[in-house]
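Take a look at the structure set out below.
Readers should treat all values here as calculations from the given coordinates under stated rules, not as data from a laboratory. Since we're looking at a predicted model, the values are computed, not measured. Ideal geometry is used to build each Cβ from the backbone, glycine not excepted, and the neighbour counts take in all protein chains shown.
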Amino acid sequence: MAGKKKKISWRNRIICLVAEILAVIALLLVFSQNFGFGYQITVWVNQLIKPAVKELDITGINSSYAVLMQAGSGRVVGDINGETPMYPASMTKIMTTIVAIENLSNLNQEITVTNDMIANLYAQDATQAGFQPGETVQAIDLLYGVMLPSGADCCIALADTIAGSEEGFVELMNQKAEKLGLENTHFCNTTGLHADDHYSTAKDIAELLRYALKNSTFREIIESPYHSTPGTNVHPDGITFYSTMFKNLSDTTVIDGKIMGGKTGFTSEAGCCLASFAEIDDIEYILVTAGAYQAGTPHIDDAVKLYNRLGEASSVLYGR
């Protein structure tokens, strides 16, 4: 009997294989936490555990342009004129914010807003966060001011500080667009104010948001319903910003999920726009819509409608 090998049952082999897979996943998660790859690792793990909805009918909405995308894989789940050029309005500020974050060496850097930075914004009737000439604020508060109340004053202050001028910063934005492969996107300003040569597509904005969400600072900002700044030399009690999306969204829950964040936009040429993302059954999806001209909040209504539809499809997929 000596030397006879003991047979390993298929059941034990499967148990060992599962244990090995779980060990690898655990190591990946530890590695991701230490080296900053947490978002992508989480995506891979979720895809291993459960499939995402691969296709969805997104017709019957207010918006003329729409793309629904799986955030992890970049797969387009639904499309309405998704590659047709359109005006992105303040969805532009997603690019402004991520480029600023990547070019700031210190997010707590103090920046003084000057009259030259914001004088032209009043004539353009641009939305502002409320900082005044001579006010010294932290860069992080300007970033929140860009994304939550859609402050053009914050855009210009960041652009001037980082690149010396808005024009110089716009060059950085277009370089980033090219690097990301956004072939149908061109920026003329940091704010999204209308210009004939300032354009993008719903798909390009979705890809841009997909990229930006991998940055933890950007994600923290866009997921915030509000942000209160510390006191400044002009506003000793600080300023509280409110997200233009969350303040018009009374309930963030949708079927089997939640709307996590978003950036609205509006000009008379672009209509109502929204770049948002939601988690449905632990899988993240991105939705970009534009060209909605109905009264009220047609862009937000579209998001709620489609995310609920996505939740219903997910329920069917998992047999619930």
**Request:** Two decimals is fine: what is log10 I(q)/I(0) at q = 0.21, 0.22, 0.23 Å⁻¹ for segment 217-320, from a Debye sum with one equal scatterer on every Cα and no solvent?
**Result:** -1.06, -1.12, -1.18
**Request:** Sort segment 50-317 into rounded, prolate or oblate with this rule: let a ≥ b ≥ c be the square roots of the eigenvalues of the Cα gyration tensor; rounded if a/c is under 1.5, and if a/c is not under 1.5, prolate when a/b is larger than b/c, oblate otherwise.
**Result:** prolate
**In segment 167-262, the GluC sites (Glu not before Pro) that fall in loop regions by DSSP, at most 12 other Cβ within 10 Å** = E183
**segment 93-183: trypsin sites (Lys or Arg not before Pro) in DSSP loop, at most 12 other beta carbons within 10 Å** = none
**Asked** How far apart, in nm, are the 7 Å Cα→Cβ label points at A123 and A195?
**Response** 1.6 nm
